[in-house]
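First the structure, in the form of structure tokens, and then the observations on it.
Readers should treat all values here as calculations from the given coordinates under stated rules, not as data from a laboratory. It should be emphasised that the depicted structure is a prediction, and the values quoted were computed from it without experimental measurement. Positions of Cβ are generated from backbone atoms using ideal geometry, with glycine treated the same way; all protein chains shown enter the neighbour counts.
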Amino acid sequence: MKTDSFRGRDFLTLLDWSKEEVETVLDVALDLKRRYAIGERHDHILPAKTLFMIFYNQSLRTRNSFEAGMTQLGGHAHYLDPSKIYTPALPGKEVAYSTERVSDVARVLSRMGDAISIRCYGDPVDWVYGGAHEMIRNFAYWADIPVLNMECDKYHPFQALADILTVKEKLGTFKGVKFVMSWAYSPSVHKPRAVPQSAIIAAAMMGMEVVLAHPKGMELDDEVLDACRNYANRYGGSFEISHDMREAFQGAHVVYPKAWCATPIFKPPVGEDDHQKTQEIFDANKDWICDAEKMKLIDPEGIYMHCLPADRSYEVTDEVIDGPRSVVFDEAENRLHVQKAVMSLVMR
Ligand code: CP
């Protein structure tokens, strides 16, 4: 692989990058992490460079890890609230003197900075599944600088990189690792599918034994499931779907239980725009919680993961998330390291 093949690239989904490229990102992230830990400065890597960050949704980890990462690399991350600029919008969604066409925003920011990152899902695109991803792709089409996906309605690729880096650090291998991505109950029915979809893509790409567990009605995108099956065939792992949380947890090396929205919440043709039905599916599955009793089913060396924020007492008990198997804060820290790696590679 040519070492400068990353320069100028967008990072919208792991599906656009090869396994070799993703492994290189993990290597660079670990290298930066270790060297930073012994006091090495990295501010020579992206000196005076600017990352524009457009957040349509709230964030703790993503915003702060990108800001801290750009500071450490010698540049600056600039926060943009879409309601305080002219809200970037696609043709057909424009409102005079309130929005600005994505193609114009992308080309303006390309004249001033070095990358554009975007978070958008759910209400800002009126729960049209894929609408946010389409907008980010449109940014990428028009921008002359890299566009980075900070979570859309389909993918959260930086979270997935942090997830697999954490598995690599904790378990030392991907081979033979049973990775269980499980739905878990939350009082909120509004969490996007991006985290589970990107996590199973990453795990399957790394050749893990991937199990996706969820109640009926919580199905993920068929394209993502097909990609996971293809990666499993190609890279020597496996991919299965279970509708039983306990069965899925048996012998797992990684369990990653979190809520995501039910299919009926999306507008047709993907869903039914039916919030009542969505709520009923959630209410029928309150026993999908990660507790100490279920953790007894997993491998003795197995770990508990969550992207955070977690809904304590619903998705997971305090005993588990604060317990010895939990790696959630290492996982959160790894957001910083994988993002520094990708930005170092694409923004040079
Ligand atoms: N995991 C994650 O993306 O966290 P934030 O929503 O806080 O950015």
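Put a dot 7 Å past each Cα toward the Cβ at SER103 and LYS296; how far apart are the dots in nm?
Using points 7 Å along Cα→Cβ, the separation is 6.2 nm.
The stretch 159-332: Rg/Rh from Cα coordinates, Kirkwood Rh? Numbers along the way, then the final one.
Values: Rg = 15.1 Å, Rh = 15.9 Å.
For the stretch 159-332, the value is 0.95.
I need the peptides 325-334, 190-199 ranked by packing, meaning the mean over residues of other C-beta atoms within 10 angstrom, with the highest value on top. Before the final figure, lay out the partial values.
Working: 325-334: 18.7, 190-199: 23.7.
Ranking the peptides 325-334, 190-199 by packing returns 190-199, 325-334.
Please arrange PHE6, PHE11, PHE55 by how many other C-beta atoms lie within 10 Å of their C-beta, fewest to most. Mind dumping the intermediate values first?
Values: PHE6 22, PHE11 27, PHE55 19.
The fewest-first ordering by Cβ neighbours comes to PHE55, PHE6, PHE11.
Counting only helical runs of four or more DSSP H residues, what would the 222 nm mean residue ellipticity of the chain come to if each run contributes -39,500 (n - 2.57) and the total is spread over all its residues?
On the way: 12 runs with 134 residues, N = 348.
After summing the helix terms and dividing by the residues of the chain, the value is -11500 deg cm²/dmol.
Looking at HIS190, ALA262, ALA332, which one has the Cα that reaches farthest to the positive end of the dipole of the stretch 159-332 (charges on Cβ: Lys, Arg +1; Asp, Glu -1)?
Farthest along the dipole direction, towards plus: ALA332.
Short version: ³J(HN,Hα) in whole Hz for each residue of the stretch 4-13, in order, from phi by Karplus 6.51 cos²θ - 1.76 cosθ + 1.60 (θ = phi - 60°), x for Gly and Pro, what are they?
With the stated coefficients, the stretch 4-13 comes to 9, 5, 8, 4, x, 6, 7, 10, 10, 7 Hz.
May I ask you to derive the relative contact order of the stretch 159-332, considering only C-alpha pairs under 8 Å and at least 6 residues apart, and to give it as an integer percent?
Numbers: 349 pairs, mean separation 46.0, N = 174.
Result for the stretch 159-332 is 26 percent.
Could you order peptides 148-155, 57-64, 223-230 by the average number of other Cβ atoms within 10 Å of their residues, highest first?
148-155, 223-230, 57-64
Could you pull out the pairs from LYS93/LYS258; LYS191/LYS216; LYS178/LYS267; LYS33/LYS84; LYS168/LYS191 whose alpha carbons sit more than 23 Å apart here?
Working: LYS93/LYS258 32 Å; LYS191/LYS216 17 Å; LYS178/LYS267 34 Å; LYS33/LYS84 35 Å; LYS168/LYS191 27 Å.
Beyond 23 Å: LYS93/LYS258; LYS178/LYS267; LYS33/LYS84; LYS168/LYS191.
For the stretch 100-180, what does the alpha-carbon gyration tensor say about shape, rounded, prolate or oblate, given a ≥ b ≥ c as the root eigenvalues, a/c under 1.5 as rounded, and a/b over b/c as prolate? Write down the numbers at each step before the final one.
Values: a/c = 3.87, a/b = 1.85, b/c = 2.09.
The shape class here is oblate.
Each label point is 7 Å from the Cα along the Cα-to-Cβ direction; what then is the distance between the points at ASP27 and THR173, in nm?
The two pseudo-label positions are separated by 2.0 nm.
Rank-order 310-323, 257-270 by packing density, defined as the average count of other C-beta atoms within 10 Å over each peptide's residues, highest first.
Values: 310-323: 16.9, 257-270: 19.7.
Listed from highest to lowest mean packing, they are 257-270, 310-323.
Okay, which of the stretch 4-44 sit inside 16 Å, backbone N to the point 7 Å along the Cα-Cβ direction of GLU223?
Taking a point 7 Å out along Cα→Cβ of GLU223, the residues of the stretch 4-44 whose backbone N falls under 16 Å are 11-17.
Is any helix in the chain, taking whole DSSP H runs, at least 24 angstrom long along its axis by alpha carbon and on average at least -0.5 on the Kyte-Doolittle scale, and which ones? Don't skip to the answer; put the middle values down first.
Numbers: long enough: 19-37 (27 Å, -0.46); 328-346 (27 Å, 0.15).
Membrane-span-like by this criterion, though nothing is claimed about a membrane: 19-37, 328-346.
Classify the chain: rounded, prolate or oblate, from the alpha-carbon gyration tensor (a ≥ b ≥ c, eigenvalue square roots; a/c under 1.5 rounded; otherwise prolate if a/b is larger than b/c)?
Values: a/c = 1.77, a/b = 1.20, b/c = 1.47.
Note, shape of the chain comes out oblate.
At 7 Å along the Cα-to-beta-carbon direction for both LYS277 and GLN250, put a label point, then send me their distance in nm to one decimal.
3.3 nm
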